[in-house]
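Report on the structure given below.
The values are calculated or read from the model by the stated rules, or taken from the named source; none is laboratory data. This one's a predicted model, so the numbers in the text were calculated from it and none came from an experiment. For neighbour counting, all protein chains shown are included, and Cβ atoms are generated from backbone atoms with ideal geometry for every residue, glycine included. With ligands, DNA and RNA removed, areas are computed over all heavy atoms of the protein, side chains included. Shrake-Rupley method; radii C 1.70, N 1.55, O 1.52, S 1.80 Å.
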Amino acid sequence: MDTKFIFVTGGVVSSLGKGISASSLGMLLKRRGLKVFMQKFDPYLNVDPGTMSPYQHGEVYVTEDGAETDLDIGHYERWLDVNLTKESSVTSGKVYSSVIARERHGDYLGATVQVIPHVTNEIKQRLVDAASASGADIVITEIGGTVGDIESLPFLEAIRQARLQWGYGSTMFVHNTLVPYLRTSEESKTKPTQHSVKELTGLGIQPDAIILRSEVPLDAHTRDKVSLFCNVPLSGVFEADDCQCLYELPIKLHEQGIDDYVLEHFGIAAPEPDMSKLQGFIDRITNLKKTVRIALVGKYVELKDAYISVSQALKAAGYALDADVKIEYIKSMNVTRANAAEMLSGYDGLIVPGGFGTRGSEGKKESIRFARESGMPFLGICFGMQLAVIEYCEDVLGMKGANSTEFDPECDYPVIDYLRGQHDGIDMGGTLRLGGYECHLREGSLARKLYGKDDIVERHRHRYEVNPSYVERINEGGLAVSGTNPGSGLVEIVELPGHPFFIACQFHPEFTSRPMKPNPLFKGLIEAALAHQEAVSYTHLRAHETGRNL
Ligand code: GLN
């Protein structure tokens, strides 16, 4: 096997940003011409996060091939600008369920099935699978959790064995820690890092490199101390102090020589990376000229991570249009027909993202109604699209009692329905339609104009669909169906001709948006929001000049 493996662990505290340092390293190696695949090991026992509440876990990310994954996979895809696969996401639940399935099948030939070697072998197999499925030169595997957690022990044991079996030249351990700064004594303290490395070496893993997260720049003395006490060469001690802009981290790590250090470890010769494009991007996005305010009406707004890809896609769209997108997270339960105008009129655009269940759905519908009636730019995603259809059927087409069978199976007009038979053959997540599906865009539509092509592939994660029995009525009633799946004819996009910008899609466009390549629907929303802002301020200016009270 020619693939080299980098294992990224974390110590001292959780939420250290080891995903960002792993992605930065991946980005650097990719820019040096290597094929990089990123993988995450998650210690929880759920087979995938698809069944977890967003409050527990944040967003469930979906890959092109239909895996429901940890949101870190989204960071990897965005940072490296690659499409990852189901091999990227490995949980204890996945590992144990295949070991147990094999045991039931009798594959262990009477052996006592144990964590070592059966579970650890299964984990190592996931590393090999990632390498062979991707054909990557380098697989970077981030081990979730913090060193010292009981849950992550089998993963750490497996990577220890990987070093023993595949050798020093094929494996590398990169450990991330926090160096706290004590303001009163003005000192950076290395003791937690020393303890964390001691814990790791107790498990048989001697880090080859250490990345020190710190809120202040570290001095040479601190780095020397870490090198000496943690038994890592000074050239392998890197610092990641807090950056104004996250994308500065790859540049800072490159300046400290991290990519050279890694390549030298593996004995790989590769050309220098060109960092000028990234630097230009940073210069641009740290000096954005305009500001645009978007209301995101959702159910899980207390936890911003629940909408991380949506917020990243909004930001990316802003970057392309020289605008800083300020997102206001509004709890859908708080929006009513009476207060929708008051709550939303200060914003330049509205986004209603995906969601499940009836709670808060009225508030989302009222927000959509306000956008439809007031001309505020609106993008609806998945559940947001289904509610836009329901709202239109109820209010404009007079179909009182229109609803989704997700929360009212007996409703008069099941305009959103679960279509049995559509999902046969999709095993992951049971009945959800997951992953990339084709969508044909109607000529002359806004969707067609935004994407600039006839056919697209976007990722899905939903159970319900626009009911085909009502499509004609909806389309002829004025909510135009502008995107459909070529095979099944299922509705993928609806839009409202005559409205400045009112478009909603059944898929999740946020999953294909990249920092330097925003998804066209998001770009369209921000463009329309900027135009809306200008129109509103012009109206106010005119009103002020003419003394009219608006
Ligand atoms: N709850 C809806 C469905 O299952 C929408 C899902 C979503 O927004 N991701 O179809």
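Okay, here's what the table says:
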read-out: Number of positions in region 365-403 that are under 29 Å from the mean Cα position of the chain (by Cα), of a type in the set (Asp, Glu) and open to solvent by 10 Å² or more (accessible area, probe 1.4 Å); value: 1
read-out: Qualifying residue in region 461-482 (condition: in contact with a His (Cβ under 7 Å, 6 or more places away or on another chain), away from the ligand (no atom under 16 Å from the Cβ) and either of a type outside the set (S, T, N, Q) or closer than 23 Å to Pro409 by Cα (or both)); value: no
read-out: Any hit, region 182-201, residues being out of contact with any strand residue (DSSP E or B) (no Cβ under 9 Å at 6 or more places or on another chain) and of a type in the set (A, V, I, L, M, F, W, C); value: no
read-out: All positions within region 326-354 that are touching a Leu at 6+ places or on another chain (Cβ under 9 Å), in a loop (DSSP other than H, G, I, E, B) and either open to solvent by 30 Å² or more (accessible area, probe 1.4 Å) or closer than 25 Å to Leu450 by Cα (or both); value: Asp348, Pro353
read-out: Hits in region 471-483 (condition: open to solvent by 40 Å² or more (accessible area, probe 1.4 Å) and touching a strand residue (DSSP E or B) at 6+ places or on another chain (Cβ under 6 Å)); value: Asn475
read-out: Test set (1) surrounded by 24 or more Cβ atoms within 10 Å (Cβ to Cβ); (2) assigned to a loop (DSSP other than H, G, I, E, B) - Pro500 fails condition number; value: (1)
read-out: Cβ-Cβ under 7 Å pairs, at least 6 apart or on other chains, region 442-465 side among the basic types (Lys, Arg), far side in a helix (DSSP H, G or I) and within 16 Å of the ligand (Cβ to nearest atom); value: Arg459/Phe511; Arg459/Thr512
read-out: Residues of region 447-485 classified as assigned to a helix (DSSP H, G or I) and under 18 Å from Glu510 (Cα atoms), total; value: 4
read-out: Residue satisfying all of: in region 247-266; touching a strand residue (DSSP E or B) at 6+ places or on another chain (Cβ under 9 Å) and either more than 25 Å from Gln312 (Cβ to Cβ) or without any contact (Cβ under 8 Å) to a residue 40 or more places away in the chain (or both); surrounded by the fewest Cβ atoms within 10 Å (Cβ to Cβ) among these; value: Gly257
read-out: Residue match in region 99-106 (condition: touching a residue at least 24 places away in the same chain (Cβ under 8 Å) and over 16 Å from Trp166 (Cβ atoms)); value: no
read-out: Residue list for region 268-284, filter: among the acidic types (Asp, Glu) and touching a residue at least 40 places away in the same chain (Cβ under 8 Å); value: Glu272, Asp274
read-out: Helices (runs of 4 or more DSSP H) wholly inside region 40-145 containing at least 1 residues that are at negative phi, open to solvent by less than 20 Å² (accessible area, probe 1.4 Å) and aromatic (Phe, Trp, Tyr); value: 71-80
read-out: Verdict on Thr69 being closer than 20 Å to Lys4 by Cα and within 16 Å of the chain's Cα centre (by Cα); value: no
read-out: Complete set of residues in region 193-216 that are open to solvent by 40 Å² or more (accessible area, probe 1.4 Å) and more than 29 Å from the chain's Cα centre (by Cα); value: His195, Lys198, Glu199, Thr201, Gly202, Leu203, Gly204, Gln206
read-out: Filtered residues of region 371-383 (kept if aliphatic (A, V, I, L, M) and away from the ligand (no atom under 12 Å from the Cβ)); value: Ala371, Met376, Leu379
read-out: Some residue of region 285-295 being open to solvent by less than 30 Å² (accessible area, probe 1.4 Å), touching a residue at least 24 places away in the same chain (Cβ under 8 Å), farther than 30 Å from Gly236 by Cα and part of a helix (DSSP H, G or I); value: yes
read-out: Every residue from region 16-39 that is among the charged types (D, E, K, R) and in a loop (DSSP other than H, G, I, E, B); value: Arg32, Lys35
read-out: Matching residues in region 422-454 - criterion: being more than 16 Å from the ligand (Cβ to nearest atom) and either exposed (fewer than 12 other Cβ atoms within 10 Å of the Cβ) or modelled with pLDDT under 95 (or both); value: Asp424, Gly425, Asp427, Glu443, Gly444, Gly452, Lys453, Asp454
read-out: Residues of region 410-420 satisfying the condition of being more than 16 Å from the ligand (Cβ to nearest atom) and either open to solvent by less than 50 Å² (accessible area, probe 1.4 Å) or touching a residue at least 24 places away in the same chain (Cβ under 8 Å) (or both); value: Tyr413
read-out: Condition met for Glu362 (among the charged types (D, E, K, R), over 23 Å from the mean Cα position of the chain (by Cα) and either open to solvent by 50 Å² or more (accessible area, probe 1.4 Å) or over 13 Å from Val292 (Cα atoms) (or both)); value: yes
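Every residue, every condition in (1) at pLDDT below 95; (2) outside any helix (DSSP H, G or I); (3) more than 15 Å from the ligand (Cβ to nearest atom), yes or no:
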{"site": "Asp324", "(1), (2), (3)": "no, yes, yes"}
{"site": "Gly357", "(1), (2), (3)": "yes, yes, no"}
{"site": "Met385", "(1), (2), (3)": "no, no, no"}
{"site": "Tyr392", "(1), (2), (3)": "no, no, yes"}
{"site": "Asp408", "(1), (2), (3)": "yes, yes, no"}
